[in-house]
Amino acid sequence: MATTSNYSDPEVLASLASLELRARHIVEGFTAGRQKSPYHGFSVEFAEHRDYTPGDDPRYVDWKVFGRTERMYLKRFTEETNLECMLLLDTSGSMAYQGASAAMPKLEYGKCLVAALAFMLLRQSDRAGLAIFDRRIRSMVPLSGKGSQRTRLFQALAAAEAGESTACGAVFHEMAERFSRRGMVIVASDLLADPHDILQGLHHLRFQGHEVLVFHLFDPDELKFPFEGPMAFRDLEGTAAIGMESSLIRSAYLEAARNHIELLEKECRRRDVDYVWLTTDRPLEHALLEFLAARQRAFPSTR
Amino acid sequence: MVLIAWGFGSAGMLGWLAAALIPVMLHLWHQSRRKETAWGAMFFLRQALERHSRRMRITQWLLLLLRVSLIMAVVFAFARPFLDSRLGANGTSPTSLRLVVLDTSHSMGLDSSVMERGREAAQRLVTSAPPGTGILFTTPFTKHSTDAEAVSFGDHAAVLREIERAEATPRSIHFADYLPRLGEFVDQLLASHDGLQQLDVFVISDFAASSWYAPHQDSSDGKFSWQDSIDEEERVRMHVVNVGTTGLSNVAVTRVWTPDRRQHATQPLHIFAEITNFGATLQKNLAVRFYVDDQRVHDEVVQLDAGQRQVVEYMSPGTALGWHAVEVRLGEEPHEADDRRWLVLDAAARTRVLCVDASFRLGRSMGNYLSLALSPGTNSQAAESPFVVDIARGWEMPDTTWREYDAVVFCDMPSFTAAESEELARYLREGGSILWVMGPRTDPANYHETLGANGADILPVELDSTPLEGVYSLDPLDFEHPMWQDFRGQEETGLNTPAVYRYWKSDRRTEEANVAALVAPDGDPLLVTRPIARGRSAILTTSLDLPSQTAGDDAQRWSTVAVMPYFVPLMHGLLGWMTAHAPENLDLLVGESWPLPVSDLVETDVTVRLPDGNEVTTSMANDSVEYFTDTDIPGVYQFTTRQPSESTWFAVNVSPEESDPATTSPQILPEAWTYHQVGDLDSWLEQFAFSSDQSELSRALLWLAAGLLLAEGWLLWFAAPKSGFTGRDVTRNLGDFNTRRMAE
């Protein structure tokens, strides 16, 4: 997995300027690092039978038909082209945070993640769309599987900037209403909002039949709180600052963080929502694997 | 009622309590120096604050309290606290007090080791005092204060510094006079310090015989005492600590004088100096040097046997007019204050006296007698006389330029007009002197109306209308009047010889300024003086005219004073005093007050130039300061007034008694008093060796400080990861969760 670490390592990605280049780098590196195509076996749909001719791969012989007819037919597959996946990227102010040990801010990390997923989706002819939000949806690229969609998505991602505070729940509700066809919804956010609102929104998406995958993004410092002495913490989503003795608050802070994550993880699992937390110092491979696993669960192979 | 109070052995350490502010200041400083950082996960932070802000605030206050308490405990520990029931009920005033009096008179400085021993003894008395004992240090020459603030209590560092600074002064002391004052002070101490149960008074002295001479000649035992009321106070103990030594030698200039109290420029200047060897060994080749106005004018070498005194004389043909400072030194660079001595004198021109004689008869009248007495007959004698006398007839008075004279003597003037009396009053106020000599022509009624209380008010008496007749001698009233200075000590003055047969009875007016110099045996005033502004007025109520030998009329016989032996010195004394503008006392001892010669002057600025060159200037009114008290430096002081411009000098010298190092015997002390030789002091002080729980308290406080330190550490630990959640915990737990998900 050493090579895997390299292509999706945030340190490496940070050195690449173009978002598309980053996405390509991630996805192609991810693909090349594996012996079999990740699409193979579940990203295609059965289409028809044809006669077997020498040289065909015997794995695709339909042995059931052979048993009934004693003639060898070969199963033919067509690629699944109607997976609709809506990518939701949180651009709230808190996403702009970059700790001392992180290679990039959470927002950049989220952009890379969404770009890589979009790249992967469009490459296998799925339809992908994008919604960028903070308190509300700031911009949206409708679902499409056309060749120009990738450019539109990447342009929208590149233009995204950290905005106001987060209101994930409301946005999820709105997306559930606007995105009615059953598909997949992938959320990349730091989810720094009321967990009950968030969970209700996610539940709404699930209720609409969407497969939901949540990438909960953290900066490593947000889970370590590596501060000492008196500090004044300035809110990235406002102008207020809170002063305190950091060593005294660390314990309570970490407890709050853990409770938040545990609650989301537990409730997501209960609602059959895929929930993954990621720190921005971790390779994006984990995110892609999660995506592929989720897609397989949502749309299992028909072979 | 508080049974146990507390104090501190090193109260000065309590100043470090200010260090307790350091944690507070650090806290505030930290608050102001917060490092600002942008932060994303404010959601968690706010949640944490909502749940734990109260606890955090309490923790912070507790930490602050612990740190402040820790510093205070350490400071208190080093301040050596003690519990002592001897302290007053409020814990701030002592029930036990040591009053330490260090003699700083001149004799203490005759040998440097004496003063050094005195300081050591005083310091030992302070440092050996049990904790809680109040200390009051003073010298006989400092103002004693009974204020609570004056009592050193707890930390005696300031007192020890004060003792270290104490030096022998040129002042003199008589303990016979000082001890009653000290007794009064002790009385005040007892009255002002409630609950004072023990007062130890220590007088540290060289026990010089001159300072401790027998106080009460009429005392049955000749011993010292202070106040009977204090002797009865069991809570007061008197200790005398002798730090003196025997066998000290000292040579001093013990006296400088001139035989002519009123020096005139025409007279030869005679200066005498007395040199005394107080030691027990021969002193050879002692150089005695005379200086006049800082110019060395005469040297002489003397040799003095043990205990011998020798008078050295200097004479010069004359001096310039005005004030002169005469100094006599032992050697070129005198070491001790008593190695030099000063004298001031005012060389004046001859005094001009006008006799206005209403009874003028050529060759024998009052004016003639006065002239002969004041300025003797031959030319050579007259040239040496301080007086120049002119005689005018009574009727010439208005035409005489009498204002130019220093003194005017009116002999048997019958009467004065109101205008004349006003002129005379002005003359007196401006510094002139008038002697009124009565006689048969005198009209008492006119005197009363024009010169007396009803007129210009320049007459010292009120005359009756008729003269008294009889045979009267003269009573000088123990020569108390300053005009009698030259008579004092003279047993055979002849004043008791009957010489007055008739005088105008008078009533000496009650003003204190009217001072009788002579009275008749029945107390009737014969010679009365009175200062009038800057001048002086005197009246002789009898005549100086001799009885007429030819008339044979007893009724005209008034007195034979003019032919009595005392007449010449009497007139010299009287006119000399009346025309002497300098104050009487121009030779003071160090520390004595000098009466300012300005009591009758109008408001004016006065300046006193001190021997060290500094000047003291003050503006004073008639009724303001009457004495100059800043006479701590031996030497010549120059007093000047600006308006009118006048100058008076006076000399301040060390008391010759203080030059004598001889010590006295403790037998003169009352039996109730404790006498210590300084060598015995240590063994005596051992009884006060104080074993207290002082160190235990300090130790307990240090233990408390250590406990507070531990508590602070525990609180920090308690306040920090008490819930067990750390950043590593969170990432590990979540990492496990993700790994599990990946496996799935």
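Conditions (1) surrounded by fewer than 20 Cβ atoms within 10 Å (Cβ to Cβ); (2) of a type in the set (S, T, Y); (3) modelled with pLDDT of 85 or more, marked per residue:
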residue: B:V186; (1), (2), (3): no, no, yes
residue: B:S210; (1), (2), (3): no, yes, no
residue: B:H216; (1), (2), (3): yes, no, no
residue: B:V240; (1), (2), (3): no, no, yes
residue: B:L248; (1), (2), (3): no, no, no
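Can you find a residue in segment A:91-106 that is within 15 Å of the chain's Cα centre (by Cα) and under 26 Å from A:F233 (Cβ atoms)? Lay out the reasoning, then the answer.
Start the filter on segment A:91-106 by keeping residues that are within 15 Å of the chain's Cα centre (by Cα), which leaves A:91, A:106.
In the following step, the residues that additionally are under 26 Å from A:F233 (Cβ atoms) were identified as A:91, A:106.
Yes, segment A:91-106 contains at least one residue that is within 15 Å of the chain's Cα centre (by Cα) and under 26 Å from A:F233 (Cβ atoms).
Pick out, from segment B:306-417, the strands (runs of 3 or more DSSP E) lying fully within it that include 1 or more residues that are at pLDDT below 90 and either out of contact with any helix residue (DSSP H, G or I) (no Cβ under 7 Å at 6 or more places or on another chain) or in the same structural domain as B:D443 (by TED's automatic domain parsing) (or both). If you could, list the steps in order and put the result at the bottom.
On the way: elements: B:309-316, B:322-330, B:340-347, B:351-357, B:387-393, B:407-411.
Where strands (runs of 3 or more DSSP E) fall fully within segment B:306-417 and carry at least 1 residues being at pLDDT below 90 and either out of contact with any helix residue (DSSP H, G or I) (no Cβ under 7 Å at 6 or more places or on another chain) or in the same structural domain as B:D443 (by TED's automatic domain parsing) (or both), they are B:309-316, B:322-330, B:340-347, B:351-357, B:387-393.
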Can you pull out every residue in segment A:172-213 that is of a type outside the set (A, V, I, L, M), surrounded by fewer than 24 Cβ atoms within 10 Å (Cβ to Cβ) and within 14 Å of chain B (Cβ to nearest Cβ)? A:D194, A:P195, A:H196, A:D197
The lone exception for B:A425 - which of (1) out of contact with any helix residue (DSSP H, G or I) (no Cβ under 9 Å at 6 or more places or on another chain); (2) under 21 Å from B:D390 (Cβ atoms) it fails: (2)
Restricting the search to segment B:160-208, which residues are without any contact (Cβ under 8 Å) to a residue 40 or more places away in the chain and in contact with a helix residue (DSSP H, G or I) (Cβ under 8 Å, 6 or more places away or on another chain)? B:L160
Mind counting the residues in segment B:25-83 that are touching a helix residue (DSSP H, G or I) at 6+ places or on another chain (Cβ under 9 Å), β-branched (V, I, T) and facing another protein chain (nearest Cβ under 7 Å)? 1
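Determine if segment B:282-303 includes at least one residue that is in a loop (DSSP other than H, G, I, E, B), outside the structural domain of B:S543 (by TED's automatic domain parsing) and more than 21 Å from B:I633 (Cβ to Cβ). I'd like the intermediate steps shown before the answer.
So in segment B:282-303, the residues in a loop (DSSP other than H, G, I, E, B) come out as B:282, B:293-294.
Okay, now just the ones that are also outside the structural domain of B:S543 (by TED's automatic domain parsing), so B:282, B:293-294.
Next, from what is left, pick out any that are more than 21 Å from B:I633 (Cβ to Cβ): B:282.
Scanning segment B:282-303 turns up at least one residue that is in a loop (DSSP other than H, G, I, E, B), outside the structural domain of B:S543 (by TED's automatic domain parsing) and more than 21 Å from B:I633 (Cβ to Cβ).
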Of the residues that make up segment A:238-256, is at least one in contact with a Ser or Thr (Cβ under 8 Å, 6 or more places away or on another chain), buried (at least 19 other Cβ atoms within 10 Å of the Cβ), small (G, A, S) and at the interface with chain B (Cβ under 7 Å from one of its Cβ atoms)? yes
Does segment B:256-268 contain at least one residue that is free of Cβ contacts under 8 Å to residues at least 12 places away in the same chain, in the same structural domain as B:H335 (by TED's automatic domain parsing) and either farther than 30 Å from B:S96 by Cα or not hydroxyl-bearing (S, T, Y) (or both)? yes
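From the set of residues in segment A:257-279 that are of a type in the set (V, I, T) and within 11 Å of chain B (Cβ to nearest Cβ), which is farthest from the chain's Cα centre (by Cα)?
Within segment A:257-279, the subset of a type in the set (V, I, T) is A:261, A:273, A:276, A:279.
From the residues that got through so far, the ones that are within 11 Å of chain B (Cβ to nearest Cβ) too are A:261, A:276, A:279.
On the way: A:I261: 17, A:V276: 9, A:T279: 13 Å.
So, considering only residues that are of a type in the set (V, I, T) and within 11 Å of chain B (Cβ to nearest Cβ), the one farthest from the chain's Cα centre (by Cα) is A:I261.
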In this structure, is A:L288 at pLDDT 80 or above and under 22 Å from A:L191 (Cβ atoms)? no
Per the filter on segment A:226-237, residues of a type in the set (D, E) and either within 17 Å of B:F43 (Cβ to Cβ) or facing chain B (nearest Cβ under 7 Å) (or both) are A:D235, A:E237
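Within segment B:639-662, how many residues turn out to be charged (D, E, K, R) and under 23 Å from the mean Cα position of the chain (by Cα)?
Within segment B:639-662, the first condition is being charged (D, E, K, R), and the residues that meet it are B:642, B:646, B:657-658, B:660.
Now narrow it down to the ones that are under 23 Å from the mean Cα position of the chain (by Cα): B:657-658, B:660.
Qualifying residue count, segment B:639-662: 3.
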Residue count, segment B:100-124, condition modelled with pLDDT under 90 and not in a helix (DSSP H, G or I), comes to 2
Which residues, taken from segment B:547-586, are at pLDDT below 80, out of contact with any Asp or Glu (no Cβ under 9 Å at 6 or more places or on another chain) and not β-branched (V, I, T)? B:S548, B:Q549, B:A551, B:G552, B:D553, B:P583, B:E584
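Tell me, which residue of segment B:424-482 that is part of a strand (DSSP E or B) and aromatic (F, W, Y) is nearest to B:K505 (Cα to Cα)?
Narrowing segment B:424-482 to residues part of a strand (DSSP E or B): B:433-437, B:461-472, B:475.
From what is left, the residues that are aromatic (F, W, Y) are B:436, B:472.
Working: B:W436: 14, B:Y472: 13 Å.
Per the stated criteria, the residue is B:Y472.
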Options A:A160, A:A128, A:A176, A:A241; residue that is within 17 Å of A:S94 (Cβ to Cβ) and in contact (Cβ under 8 Å) with a residue 12 or more places away in the chain: A:A160
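The values are calculated or read from the model by the stated rules, or taken from the named source; none is laboratory data. Note that this is a predicted model, so its numbers are computed, not measured. Note: ideal-geometry Cβ built from the backbone for every residue, glycine included; neighbour counts use all protein chains shown.
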